[in-house]
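One structure is given below, encoded as C-alpha cells.
The values are calculated or read from the model by the stated rules, or taken from the named source; none is laboratory data. Being a predicted model, the structure only gives us computed values, none of them experimental. As a convention, Cβ positions derive from the backbone with ideal geometry for all residues, glycine included, and neighbour counts pool all protein chains shown.
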C-alpha cells in the first residue's frame, strides 16, 4: 500500500450539497473505488482577508468530501471517514 499520493492519483474535493444528493454522491464515489472523508471548515475565518472580526456565521461549516483511492491510508489527520453514505452530518458529529 503506498504511503503517499502519487501524480497518478486523482483526489477530488467535492461540495456536499443536500442530504439526498450527498447520499447518492457518496454511493457513486464508493463504486468508483474511493473512500470519502468529511472536510468541514467553518465559514468564518478570524484571519480573513478583510480583517473582519465579527462572526455572522456562528458554527456553520462548509460540508465537503475529500475522496481518496481506497488503497491509500486508513486515516487522514483531522478528518472523519464516511463509512455509511446514509449518515447525516448531524448524526456524524
#### Entry: Number of the exception - residue 10 against (1) in a helix (DSSP H, G or I); (2) at pLDDT below 75
(1)
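Hey, among 15, 30, which residue is within 22 Å of residue 84 (Cβ to Cβ), at pLDDT 70 or above and in contact with a strand residue (DSSP E or B) (Cβ under 7 Å, 6 or more places away or on another chain)? Before the answer, list the steps.
Details: 30 fails: in contact with a strand residue (DSSP E or B) (Cβ under 7 Å, 6 or more places away or on another chain).
Result: 15 is the single residue among 15, 30 that is within 22 Å of residue 84 (Cβ to Cβ), at pLDDT 70 or above and in contact with a strand residue (DSSP E or B) (Cβ under 7 Å, 6 or more places away or on another chain).
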### Query
Tell me, which residue of the range 37-83 that is over 26 Å from residue 19 (Cβ atoms) and touching a residue at least 40 places away in the same chain (Cβ under 8 Å) is surrounded by the fewest Cβ atoms within 10 Å (Cβ to Cβ)?
71
